Amino acid sequence: MSVVKRYALPVFCCLGLFCARAQEPAMNYDESLVPDYVLPDPLTCSDGTKVTDAATWTSKRRPELLALFETQVYGKAPGRPEGLHFKVLGEDRYTLGNMATRREIAVYFTDDETHFMTILLYIPNKRTDVVPIFLGLNFKGNHTICDDPLVTPSIPRTAPGKGPSDGFPRAAAASRWPVEMLIANGYGLATVYRGDIDPDYDDGFQNGVHPLFYRDGQTRPEPDEWGTIAAWAWGLSRAMDYLETDEDVDCERVAVIGHSRLGKAALWAGASDPRFAMVVSNESGCGGAALARRRYAETVARINRLFPHWFCENYKQYAGNEDALPVDQHELVALIAPRPVYIASAAEDKWSDIRGEFLAGVHATPVYELFGLEGLPDTELPENDAPEQSGYIGYHVRSGGHDITPYDWRQFVKFADKHLKR
Ligand code: GTR
């Protein structure tokens with residue numbers, strides 16, 4: 001498919017001090033040094049046949065690509081456990097200035113209730129029917145997303161020595177969660193602390209959900225089994241299992257959203273679980289929306305070295321060997337078709353590879369066209385703060401750095417108004 005500039009990436013080697021880095025290419029922030037690459041064609045099946053209609057995409061090519069992402073990138077997850085069950089822990093009908101109802105729900109993963117995650121759910125009180133909602137994981141705990149004194153604090157699950165051992169303060173992440181704005185626009189919000197599902201550090205997969213599903217004698221996931229990002233995505237699907245039962249939520253209008261590493265998880269959740277009606281990836285970068293073959297800023301080698309627990313073991317073989325990947329991230333976006341997806345970048349967040357995120361939308365577009373839908377209409381990167389929302393793939397570059405801001409959320413709400421509002 002697309003071929004870009006030629007460049008041989010230099011090899012980074014530090015007198016043997018950092019052996020793990022020996023094969024790691026130097027970090028590149030220069031567009032002119034992006035190497036030549038050829039993207040795998042989402043519309044060519046592994047047996048060489050071309051996909052020319054939506055039915056063939058859905059029945060043949062999509063499952064094939066999904067399996068490749070599962071076994072080579074994120075790892076296979078166990079699906080819905082038999083013992084999954086829910087308990088509403090509490091409800092307050094008059095919260096956020098009486099504008100919303102707050103509900104907290106424990107999602108138990110097994111019959112014996114050894115492990116659970118807590119969903120914090122806000123529903124607008126001004127409603128005449130079930131409401132559409134945004135669902136996303138949070139970094140620091142449910143109690144940090146807004147200034148609501150009655151939210152149950154999440155139990156901190158940060159790496160030993162990293163982050164406050166007694167948890168983050170209430171409302172510590174409020175700037176990232178415009179709950180009132182969502183409520184005023186008729187949306188509910190559901191969130192879960194990522195640490196409830198799998199704490200974000202490499203402990204050999206002992207302290208999160210993985211051990212609940214080990215077979216007899218198994219002590220860590222197999223090379224094609226789930227890492228932490230797939231576990232987070234699995235948790236989002238389990239939250240969806242609950243939302244399907246909530247009488248105030250329209251489970252057919254749930255937008256899954258995530259920022260950065262949690263944007264990677266949101267994309268994989270949206271790609272692997274078609275119940276999500278819309279997907280939002282905010283600055284998800286490498287292993288999210290950004291094309292791996294561009295090797296711009298964060299690379300497969302570097303992400304696997306710094307976060308060895310995020311992806312499945314098989315993904316590590318593509319470190320410095322991106323051309324051997326049987327997929328690239330435009331195909332992750334394509335797996336969401338024909339559902340709407342929004343990819344957002346930030347101008348100063350070069351680490352996430354702005355152009356790589358944009359191009360994933362461009363190269364996923366032919367799959368949307370199979371469904372008779374417009375994907376991302378532009379092929380040139382738009383100006384900063386000039387969102388492109390006319391198709392089923394929305395995109396913007398916001399001025400500023402790596403963050404999720406009220407500006408970003410306003411764009412997501414506009415896009416959701418177009419696709420989810422009735
Ligand atoms: C960075 C990581 C990125 C991104 C980011 C985040 O350190 O390299 O891939 O996930 O963290 O989650 O904030």
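The values are calculated or read from the model by the stated rules, or taken from the named source; none is laboratory data. Note that the coordinates shown come from a computational prediction; the quantities given were computed from them, not determined experimentally. Heads up, the Cβs are rebuilt from the backbone with ideal geometry, glycines too, and the neighbour counts pull from every protein chain shown. For the accessible areas, the whole protein counts, side chains as well, though only heavy atoms, and no ligand, DNA or RNA atoms are used. Shrake-Rupley method; radii C 1.70, N 1.55, O 1.52, S 1.80 Å.
At-a-glance table
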item	result
Answer from 233, 255 - the residue that is crowded, with 24+ Cβ neighbours inside 10 Å and within 16 Å of the ligand (Cβ to nearest atom)	233
Extreme residue, least open to solvent (accessible area, probe 1.4 Å), among residues of the range 368-381 that are of a type in the set (D, E, K, R) and in a loop (DSSP other than H, G, I, E, B)	378
Residue within the range 359-367 that is within 12 Å of the ligand (Cβ to nearest atom), surrounded by fewer than 24 Cβ atoms within 10 Å (Cβ to Cβ), more than 14 Å from the chain's Cα centre (by Cα) and at pLDDT 95 or above present	no
Residue among 38, 88 that alone is among the β-branched types (Val, Ile, Thr), surrounded by fewer than 18 Cβ atoms within 10 Å (Cβ to Cβ) and under 30 Å from residue 150 (Cα atoms)	88
Per-region count, the range 275-307, residues closer than 22 Å to residue 368 by Cβ and of a type in the set (A, V, I, L, M)	8
Among the candidates 68, 15, residue that is in a loop (DSSP other than H, G, I, E, B), open to solvent by 40 Å² or more (accessible area, probe 1.4 Å) and either touching a helix residue (DSSP H, G or I) at 6+ places or on another chain (Cβ under 9 Å) or at pLDDT below 80 (or both)	15
Where residue 320 falls short, out of the listed (1) surrounded by fewer than 22 Cβ atoms within 10 Å (Cβ to Cβ); (2) on the phi < 0 side of the Ramachandran plot	(2)
Subset of the range 321-351 (residues that are under 19 Å from residue 411 (Cα atoms) and within 16 Å of the ligand (Cβ to nearest atom))	343, 344, 345, 346, 348, 349
Subset of the range 258-284 [without any contact (Cβ under 8 Å) to a residue 60 or more places away in the chain, away from the ligand (no atom under 14 Å from the Cβ) and crowded, with 24+ Cβ neighbours inside 10 Å]	269
The range 345-376, residues that are closer than 19 Å to residue 31 by Cα and among the small types (Gly, Ala, Ser)	345, 346, 347, 352, 356, 360, 361
Residue in the range 289-296 that is more than 14 Å from the ligand (Cβ to nearest atom), modelled with pLDDT of 95 or more and within 25 Å of residue 406 (Cα to Cα) present	no
Condition check for residue 416: small (Gly, Ala, Ser), at pLDDT 95 or above, over 22 Å from residue 187 (Cβ atoms) and away from the ligand (no atom under 16 Å from the Cβ)	no
Residues (β-branched (Val, Ile, Thr), out of contact with any Phe, Trp or Tyr (no Cβ under 6 Å at 6 or more places or on another chain) and within 12 Å of residue 25 (Cβ to Cβ)) located in the range 288-321	299
Lone qualifier among 195, 227 - being buried (at least 17 other Cβ atoms within 10 Å of the Cβ) and under 24 Å from residue 335 (Cα atoms)	227
